[in-house]
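Let me begin by presenting the structure, written as structure tokens, before commenting on it.
Laboratory data are not the source of any read-out in this text; all were calculated from the coordinates shown. Bear in mind the structure is a predicted one, so any value in this text is a computation, not a measurement. Cβ placement follows ideal geometry from the backbone for every residue including glycine, while neighbour counts extend to all protein chains displayed.
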């Protein structure tokens with residue numbers, strides 16, 4: 001395999017890893033139960049490509065609002 005092709009597949013793997021990490025963080029920020037979050041995270045870890053497709057179609061929606069603190073709400 002040529003060196004350029006090797007760099008291409010490394011870039012694809014890194015991009016897939018970053019998108020999977022983003023999806024896992026999104027799952028844990030959702031308002032679903034802990035068991036549901038664990039199931040989605042496990043699916044994304046075990047089946048990175050297929051898991052992303054399934055999560056994109058049927059994954060949890062709705063992100064919790066970050067907790068507000070009095071220090072950050074001062075305007």
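Along the Cα-to-C-beta direction of residue 38, a point sits 7 Å from the Cα; which residues of the range 45-59 have their amide N less than 19 Å from that point? What the label zone holds, given the 19 Å backbone N cut-off, is 45-47.
Computed over the range 3-58, relative contact order equals 30 percent, with contacts defined as Cα pairs under 8 Å that lie 6+ residues apart.
Take the Cβ atoms of residue 26 and residue 4, set R0 to 25 Å, and the FRET efficiency comes out at 0.15. The equivalent ellipsoid that matches the C-alpha gyration tensor of the range 3-58 spans semi-axes of 26, 10, 8 angstrom, in descending order.
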